[in-house]
1. Do you know the relative contact order of segment 365-462, to the nearest whole percent, from alpha carbon pairs under 8 angstrom that are 6+ apart?
2. Under 20 Å from a label point 7 Å along Cα→Cβ of LEU336: give me every residue in segment 290-304 with its amide N that close.
3. Over the chain, how many percent of alpha carbon pairs lie in each 20 Å bin up to the one with the longest distance?
4. Greater than 21 Å separation of Cα atoms is the criterion. Which listed pairs, LYS313/LYS361; LYS92/LYS458; LYS299/LYS349; LYS92/LYS328, meet it?
5. What is the calculated FRET efficiency for GLU122 to HIS24, with r their C-beta to C-beta distance and R₀ = 22 Å, to the nearest 0.05?
6. From the backbone phi of segment 208-218, what are the Karplus-calculated ³J(HN,Hα) couplings (6.51 cos²θ - 1.76 cosθ + 1.60, θ = phi - 60°) in whole Hz, Gly and Pro given as x?
7. Can you sort ASP139, ASP95 so the residue with the fewest Cβ neighbours within 10 Å comes first?
8. Figure the gain on full extension for ALA386 and ASP362 (residue separation times 0.36 nm, minus the Cα-Cα span) and round it to one decimal in nm.
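Nothing in this text is a laboratory measurement; each read-out follows from the coordinates by a stated rule. As the structure is a prediction and not an experimental result, all values here were calculated from the model. FYI the Cβ positions are ideal-geometry reconstructions off the backbone, even for glycines, and counts take in every protein chain you see.
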Amino acid sequence: MNTFKPTKQLNHCPIAWQALNTPHAIAIESDTQSLCYAALNQRINSLSEQLIQLNMRKGDRLVCIASNGLPLVLLQLTCVRNGFIFCPLNPKFSDAERMQRLTLLDSNFIWQEGNPSSLPLEFESIITDPPVSSPVTIDPLAVVSIIFTSGSSGSPKAIMHHFSNHYYSALGSQTVIPLVGGDKNLLSLPMFHISGYATVMRTMLAGATLRLLTGKITIEQLKRNMITHLSLVSSQLQQLLDKSDFQSSELSIKHLLLGGSAFLSEQLQQTRQRGFNYHLSYGSTEMASQIATSTNNEKLQLLPYRQLKIANKEIMLNGETRFVGYFKGKAGIEWLNRQDYFASADLGKINEQALTVIGRKDRQFISGGENIQPEEIEKHLVQFSAVTQAVVVPIPDATYGHRPVAFIKWQKTQQPTQLSAFIKDKLIAFKQPLHYFDLPEQAGLKPNSKLLTEIALKLLLVN
């Protein structure tokens with residue numbers, strides 16, 4: 001087993017380390033090709049040289065706009081090797097959302113899949129070096145990623161992590177969900193999320209195989225590719241449970257990691273009945289993915305290398321995985337003191353060493369694994385000329401956990417069809433309201449979101 005050990009290999013490039021110790025083990029596999037660790041190391045050597053020739057240096061930000069795939073994985077790992085900062089963006093962002101983040105990142109190094117005017121990189125190119133004969137050292141305290149999240153204000157926050165944060169995140173996860181050489185971990189979550197980024201890191205550090213996903217997850221795909229590890233949000237799990245042949249006895253799955261959204265008790269019961277080992281997980285971008293994880297129950301246990309306490313009912317976080325600061329563009333970097341706990345804005349309690357997450361302090365909700373901030377949607381809705389006031393609230397959804405709906409105070413006449421068309425190119429699809437309702441006259445300037453959700457559910461029942 002070639003899992004990294006604490007401290008001993010912290011300053012070693014994980015890919016070069018695997019190429020030195022298990023060069024012929026398969027690192028990445030897709031429908032069209034597979035790369036062993038030696039070949040993967042050659043690809044990273046080539047991309048490193050290409051980016052350096054383009055005048056990229058340690059600490060520079062590499063903005064990557066692409067769907068999951070081999071190029072994105074190669075760029076993430078190349079950034080780790082060189083101390084470049086990997087900045088993945090959702091390729092489905094609207095022009096306004098993308099520009100907001102590009103302006104903040106303020107980088108001269110942008111690679112966009114399918115865009116010939118972006119960085120000219122050759123991903124198939126290799127440098128035929130002699131086999132790796134000694135470890136390649138890296139700086140574990142180099143910032144290697146900026147991943148965006150949304151705070152209570154609805155504005156995107158650029159979260160910075162050192163390599164060591166990701167390293168200890170993977171090590172802590174390994175104690176509950178072990179990965180070893182020969183295992184296959186499916187990259188089922190997007191790499192512009194911390195969940196996808198962490199999947200890559202956990203797999204590479206363990207010397208296992210990262211299986212790239214083509215299309216949606218299917219039973220046939222899981223079976224044919226002999227997937228052993230799989231991360232799912234609630235909607236993905238439900239789609240699999242809807243298939244009668246999603247059975248542990250029919251598949252190679254050792255561990256299911258469930259996170260990103262609320263899971264119904266019925267879903268977990270079905271998962272147990274079908275023989276799967278599942279792990280509920282509470283995590284965040286700020287803590288480099290997993291914080292607390294359960295095994296075949298709902299009792300979340302704090303993982304190693306994390307610290308947690310409750311202050312005024314709010315979950316406070318620290319440890320080796322905690323992010324190092326916020327990148328604020330031309331305003332500079334807001335570094336966090338090492339000893340400071342991060343206020344998560346999540347309410348929680350600890351009972352018999354098990355963590356229970358009660359909910360958000362603010363209005364944020366999750367839809368299909370995506371964080372939704374109502375204020376961001378409202379900001380775009382009120383830009384429509386016929387809208388005076390907009391209030392967005394979540395309604396429960398069996399597939400996605402929640403979906404947004406909007407209450408509108410109209411200027412004069414109702415124009416829901418026109419408003420829906422107006423918002424289409426302003427927000428990504430999952431942030432676009434599912435329904436529009438009239439805002440009650442008594443709602444006031446600060447409407448009660450819980451009450452509006454109840455009203456929305458009653459209106460939907462009537463209609």
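1. On the way: 136 pairs, mean separation 27.4, N = 98.
Value for segment 365-462: 28 percent.
2. 290-293, 301-304
3. 23, 56, 19, 1
4. On the way: LYS313/LYS361 10 Å; LYS92/LYS458 33 Å; LYS299/LYS349 12 Å; LYS92/LYS328 23 Å.
The pairs that break the limit, which is 21 Å between Cα atoms, are LYS92/LYS458; LYS92/LYS328.
5. Values: r = 24 Å, r/R0 = 1.11.
Computed FRET efficiency for GLU122 and HIS24 comes out at 0.35.
6. Result, ordered by residue: 8, 10, 8, 9, 7, 8, 10, x, 7, 5, 10 Hz.
7. Details: ASP139 14, ASP95 9.
With the sparsest Cβ surroundings first, the list reads ASP95, ASP139.
8. 5.8 nm
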